[in-house]
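The values are calculated or read from the model by the stated rules, or taken from the named source; none is laboratory data. None of these values were measured; they are calculated from a predicted model. Note that each Cβ is placed from the backbone with ideal geometry, even for glycine, and that neighbours are counted across all protein chains shown. Only protein heavy atoms, including side chains, enter the accessible area calculation; ligands, DNA and RNA are left aside. Shrake-Rupley method; radii C 1.70, N 1.55, O 1.52, S 1.80 Å.
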Amino acid sequence: MTQEPFIQPRFVGPRFDGHTLPLSAAKDLAAYEELVLELAKHLVRQRHGRVKKGFAQGFSLHIERIDDGSAKPALVAMMLGTLLPDLPAEIVEAKDLINSVIATEAGQPFPTDFPKDCYSYFNRIGRSLEEGESIEWLPDSPTNKTVLTPVKRKRLVLAHRETYEAEVNVAGLVESLDAKRRTGTLSSLENQTVAFAFDDPFFSELKEALGNKRLTVNFKGIGVFDVNDRLNSITEIDQLELLPHVELVGGIESLAELKDGWLEGGGKAPKPEDLSWLMNEVVRIFPADLEYPAVVPTEDGSVVFEWSRPQARIELEINFAEQKLELYATNLKTKQFVEESYSQDGWTDAFGKIATLLVA
Amino acid sequence: MSAEWTPDSLFYRQVHPTHRKDGVPSSQAFGPTPKDEDKLSVDDSAKVSAEESWRHFTEKLGFQSAGTWAVSLGEVAEAEDLVLEASPTVHPQEPAKNNPAHCHIDFSQVSSKGQKKKRAQQLAIKATARGCLFQPSA
């Protein structure tokens, strides 16, 4: 059974080129459905003073199919599971009014009959859009395709509020946890304290990270931002990842940017597979209580971990070519020089020796 | 070795940005690498300033440097078996690259990698204690 779609928006962007819709986009459409219904009720209330019992009862939008170009979900209106041939007028007016709001460009006045409270729906409509993506709500219109972009979505939400919601991907250290309230605070890598709320499944990992300066958490979820795009809080965590030794791993990872010739025309770039192995080793075995070293590339493509003291230098060269760890340490105060070599899996012995040299 | 040099004479060393962390230069910057053929390039402070040394290295030669550090002749001597020599560079095709202040610290009398590391670490400790003598504004 087919019917003229209620609306058929077009999702534009590389993610939609396969004519499929990510599930997160379906959330946008669900929020759109809520707005249509809420706005229609508002219009009825304006005209008749109240909304009759049963108005639009069972109304819902269904994705009937997804057409090509990029991805065009055809939304049909249903009432109690049956296709609706005749929609209440206010439902259609609500659709048109929403389109008018989305079509409003910067500097233009918003339609006056769109209620202020309804702008907050744009916290969810279009939230799945990434930079460079958009939704054309009237893709076949020759004059105004009614395009919703992440920038426009933010403007709509902020039209009558001081904050807006958007997807967030943020890393930091867990500073506090309130197990009863399911809330906590995160000190982000930019040294900003951000409150967050979490669900039960994340509790054990958050507890593990609590107060551990060497265990960074990465949240993907929904954040609340102010007009200056400053993250105020995280209201929903969808994914949580524990990242041990982020500072050290990041130092190694940054060496992947080096190209052959990086040092005055000479200098071999470290091999990606060597860096990848080293990052895994660090995550696996770097001691919890050992000071992080500087991570330094060598001319021949190896990596050196280097610890500095006013009177001492300690270097652990990870010699990829010869598959060994080489320790060199000079202490001018004790006049001691240490030179030792370990096999590539001799981390424990090497780090143990370094720990003693650091306190000498 | 120049007759005008004293133990306090300073010799500038340019440090690649990847060889500096939190303002501290790595020992890597004070040891010769295979491309140097055991000769560590430095500039004579009697002939150029720390800033001029940095400008020549980055602007004339086109290399990267996070700043200018220095070691003294006395410190080089203290490290033992290192020889400091004046070695002005001349580029007939590109005279702008000529560097009359160029010198090198010769590590060739030090046989093993470990012993070279030891001396590079000694020089790095001394240069770090002296501090960065010229750093480009960000």
Problem - Inter-centroid distance (Cα atoms) of region A:25-68 relative to region A:70-143, Å - result: 11 Å
Problem - Neighbourhood charge, 15 Å Cβ-Cβ cut-off, centred on B:H102 and excluding it, Lys, Arg +1 and Asp, Glu -1 - result: -3
Handout entry: Averaged over B:19-29, number of beta-carbon atoms from partner chains that fall within 10 Å
Key = 5
Practice task
Taking amide H positions as placed in the peptide plane 1.01 Å from N, state which residues far from B:S9 in sequence (5 or more) or on other chains have amide H under 5 Å from it.
Solution key: B:L73, B:G74
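Can you tell me how region A:52-162 classifies by the Cα gyration tensor, rounded, prolate or oblate, using a/c under 1.5 as the rounded cut?
Values: a/c = 1.85, a/b = 1.27, b/c = 1.46.
Oblate, since a/c reaches 1.5 and b/c is not below a/b.
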Practice task
Report the accessible area of B:C103, computed with a 1.4 Å probe over the heavy atoms of all protein chains in place, in Å² rounded to the nearest 10.
Solution key: 0 Å²
Completion exercise
Heavy-atom accessible area of A:K259, protein chains in place, probe 1.4 angstrom, given in Å² to nearest 10, is 140 Å²
Handout entry: Relative contact order %, region A:224-346, counting alpha carbon pairs below 8 Å whose residues are six or more apart
Key = 14 percent
Fill in the blank from the handout: For A:D274 the rounded accessible area (nearest 10 Å², probe 1.4 Å, non-protein molecules ignored) is 40 Å²
Exercise for the section: Order the following by accessible area, largest value first: B:T18, B:T6. Probe radius 1.4 Å; ligands, DNA and RNA are ignored. Expected result: B:T6, B:T18
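From the protein chains alone at 1.4 Å, what is the descending order of accessible area for A:E257, A:E340, A:E208, largest first?
Values: A:E257 140, A:E340 65, A:E208 110 Å².
Greatest to least solvent exposure: A:E257, A:E208, A:E340.
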Completion exercise
In nm, the gap between the two label points placed 7 Å beyond Cα toward Cβ at B:K60 and B:A86 is 1.6 nm
Exercise for the section: Using θ = phi - 60° and the Karplus relation 6.51 cos²θ - 1.76 cosθ + 1.60, list the HN-Hα couplings for region A:160-166 in order, rounded to whole Hz, with x at every Gly or Pro. Expected result: 9, 9, 9, 9, 9, 9, 7
Problem - Computed helical MRE - 222 nm, chain B, DSSP H runs ≥ 4 contributing -39500 (n - 2.57), nearest 500 - result: -6500 deg cm²/dmol
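Is region B:91-138 best put as rounded, prolate or oblate by its Cα gyration tensor, with a ≥ b ≥ c the root eigenvalues, rounded for a/c under 1.5, and otherwise prolate when a/b is larger than b/c, oblate when not? Write down the numbers at each step before the final one.
Working: a/c = 3.30, a/b = 1.28, b/c = 2.58.
Oblate is the answer for region B:91-138, as a/c is 1.5 or above yet b/c matches or exceeds a/b.
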Completion exercise
In order over region A:325-330: 3J(HN,Hα) from phi, Karplus 6.51/-1.76/1.60, θ = phi - 60°, whole Hz, x for each Gly or Pro, gives 10, 10, 9, 10, 9, 10
Problem - Net lengthening on full extension, A:A159/A:E190 (0.36 nm per residue, minus Cα-Cα) - result: 8.3 nm
Problem - Of A:I63, A:I222, A:I237, the one that fluctuates the most in a GNM where chain A has Cα springs shorter than 10 Å - result: A:I63
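Given a Förster distance of 60 angstrom, what is the FRET efficiency for A:S204 paired with B:A3, based on the Cβ-Cβ distance and rounded to 0.05? Kindly include the intermediate steps, with their values, before the conclusion.
On the way: r = 73 Å, r/R0 = 1.22.
After rounding, the FRET efficiency stands at 0.25.
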Handout entry: Relative contact order computed over region A:168-277 (Cα-Cα under 8 Å; 6+ residues apart), in percent
Key = 21 percent
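So how much slack lies between A:D349 and A:A321, counting 0.36 nm per residue of separation and subtracting their Cα-Cα distance, in nm? Could the numbers behind the result be given before it?
Working: separation 28, 0.36 × 28 = 10.08 nm, distance 2.05 nm.
Using 0.36 nm per residue and subtracting the Cα-Cα distance, I get 8.0 nm.
Sorting A:Y328, A:Y342 by accessible area (1.4 Å probe), largest first, what list results?
Numbers: A:Y328 10, A:Y342 30 Å².
The residues order as A:Y342, A:Y328, largest area first.
Please report the buried accessible area for the interface of B with A, total over both chains, probe 1.4 Å, in Å² to the nearest 100. All intermediate terms of the calculation are to be shown ahead of the outcome.
Details: alone 7770 and 19070 Å², together 24560 Å².
Using a 1.4 Å probe, the pair buries roughly 2300 Å².
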Practice task
Give the relative contact order (percent, whole number) for chain A; include only Cα pairs under 8 Å separated by 6+ residues.
Solution key: 9 percent
Completion exercise
Per the rule of 0.36 nm per residue minus the C-alpha distance, extending A:N144 to A:K259 adds in nm 36.7 nm
Practice task
Take the alpha-carbon centre of region A:260-311, take the same for region A:153-216, and report the distance between them in whole Å.
Solution key: 32 Å
Exercise for the section: Kindly flag which residue pairs out of A:K259/B:K113; A:K41/A:K154; B:K21/B:K126; A:K333/B:K126; A:K271/B:K117; A:K353/B:K21 have an alpha-carbon separation exceeding 19 Å in this structure. Expected result: A:K259/B:K113; A:K41/A:K154; A:K271/B:K117; A:K353/B:K21
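Let me know the shape class of region A:96-159, please: from the alpha-carbon gyration tensor, a ≥ b ≥ c as square roots of the eigenvalues, rounded when a/c is under 1.5, otherwise prolate if a/b is greater than b/c, or oblate.
It is oblate, given that a/c is not under 1.5 and a/b is not larger than b/c.
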Completion exercise
Rounded to whole angstrom, the alpha-carbon centroid of region B:74-95 lies from that of region A:331-350 at a distance of 31 Å
Practice task
For region A:39-129, run through the GluC sites (Glu not before Pro) and keep only the ones in DSSP coil with at most 15 other Cβ atoms within 10 Å of their Cβ.
Solution key: A:E105
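Translational D (Stokes-Einstein, µm²/s) of chain A at 10 °C and 1.306 mPa s when Rh comes from the Kirkwood sum over C-alpha pairs? Each step should come with its number before you reach the end.
Values: Rh = 25.0 Å.
This corresponds to a translational diffusion coefficient of 64 µm²/s.
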Fill in the blank from the handout: The answer for region A:1-159, accessible area per residue at 1.4 Å probe in Å², is 50 Å²
Fill in the blank from the handout: Diffing region A:114-124: the Karplus 3J(HN,Hα) column from phi (6.51, -1.76, 1.60, θ = phi - 60°), in whole Hz with x for Gly and Pro, holds 8, x, 4, 4, 6, 4, 5, 4, 6, 5, 10
